[in-house]
1. Report the equivalent ellipsoid semi-axes for the chain in whole Å, largest first, defined as the square roots of five times the eigenvalues of the gyration tensor built from alpha carbon atoms.
2. Over 5 Å intervals from 0, what percent of Cα-Cα pairs in the stretch 221-327 sits in each interval?
3. Could you identify which residue out of Leu76, Leu203, Leu12 has the top mean-square fluctuation in a GNM of the chain using Cα springs shorter than 10 Å?
4. Using a cut-off of 22 Å between alpha-carbon atoms, which lysines can reach Lys201, once sequence neighbours fewer than 8 places away in the same chain are excluded?
5. Order the following by accessible area, largest value first: Asp231, Asp160. Probe radius 1.4 Å; ligands, DNA and RNA are ignored.
6. With n ≥ 4 as the cut-off for DSSP H runs, can you work out [θ] at 222 nm for the chain, using -39500 (n - 2.57) per run divided by the number of residues, rounded to the nearest 500?
7. Test of understanding: in a Gaussian network model of the chain with alpha carbons linked when under 10 Å, which of Gln40, Gln133, Gln172 would top the mean-square fluctuation ranking?
8. Taking Rh as the Kirkwood radius computed over C-alpha pairs, what is the Stokes-Einstein D of the stretch 277-316 at 25 °C in a medium of viscosity 0.890 mPa s, expressed in µm² per second?
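The values are calculated or read from the model by the stated rules, or taken from the named source; none is laboratory data. None of the values given here were measured: they were computed from a predicted structure. Here the Cβ is made from the backbone with ideal geometry for all residues, glycine too, and neighbour counts use every protein chain on show. Side chains included, ligands, DNA and RNA excluded: accessible areas come from the protein's heavy atoms. Shrake-Rupley method; radii C 1.70, N 1.55, O 1.52, S 1.80 Å.
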Amino acid sequence: MSSPTIYDVSRLSGVSTATVSRAFSEPDRVREDTRRKVYQAAAVLNYQPSAIARAMARQRTDNLAYIICKKGATILDEFYAGICEGVMRRANSLEYHLVVSTAEDWQRTPQRKQIDGAILAGDAEPDLISELQRQNVRVVLVNHVAPGFDLPCVVADEQDGVLQALTHLVKQGHRSIALLAGRFSSYITSERYNAFVSAMKKLNLSLKETNIAMCDRDIYSATRAAFTLLDRPDRPHAIFAFNDTLAAGVMKAAGRLGLRIPEDVAVVGYDDSTACVLLEPELTSVHVDCRQMGELCMERMTALVEGKTDIPRLTVVPVSLKVRNSS
């Protein structure tokens, strides 16, 4: 027996094939009583509208992409996986199909030409953004702001996060606070560095050049850089690190130098990753609600796909400080 067609539903419901198609692709444009007839006929016939036909009728595929734009990243990267969870939860509830990829793998992804929108997480290259825009793909950025592009961006409140961390350290009696900065994306590096300088001024703390060290994103580079801060007579009383991996490097260097945490040096990280409770002592860190960032990305993307124009260009997500024994 052949599968039922749109013509069968049309005959049984007593409406045109165009109305049947519209009842599935644009139900808001069909009267409720007419929709009911179409859906009842479809149920009797066990008719399932073609996904391809729906996409052609609506000129939408309902396919979205979540692309992690971080050099060397995998889809298991904890921070971006947390954002992806929020994106997936909201996408599933709205019946979107989600393709997850890294920027490095995107060109080899078969579905890359069949998407309505892309959420670019991290340091998205201008070439990738431009390519997607040429394909009429809607773009939302998360954890990044791209100069020269008028796009909705969802970011964490870096300024307040750093200020909360330094305010906590000052309340603990620390005045000499150092920064271990990581070579992250241009946006994050700039935002957290400027937030640190601003917070130091706001708290009337002196910022010594010798209390700033730069390193790569891995724990080994962080450990070496932390030695330059700690292995000297005038070492700082506390160190704020750009993320938890770098903070772990500080704790590693402190341990090798025989320094106690937090008695000899306090340590605060950023991101509140699972590593925080695995370290000893447990690490104080700025908590970023990655899931909420992902959900907000989907709100912005849904608005773009639906053709709305009053979409916020910058959405700043609040953060909070999780105080533990390292400070």
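1. Details: eigenvalues 539, 60, 58 Å².
Computed over the chain, the values are 52, 17, 17 Å.
2. Histogram of Cα-Cα distances, whole percents per bin: 2, 12, 20, 17, 12, 8, 8, 7, 6, 4, 2, 1, 0.
3. Fluctuation is largest for Leu12.
4. Within the straight-line cut-off, Lys201 pairs with Lys171.
5. In descending accessible area the options line up as Asp231, Asp160.
6. On the way: 12 runs with 140 residues, N = 327.
Using -39500 (n - 2.57) per qualifying helix, the result is -13000 deg cm²/dmol.
7. Answer for the Gaussian network model of the chain: Gln40.
8. Details: Rh = 12.6 Å.
After rounding, the answer is 194 µm²/s.
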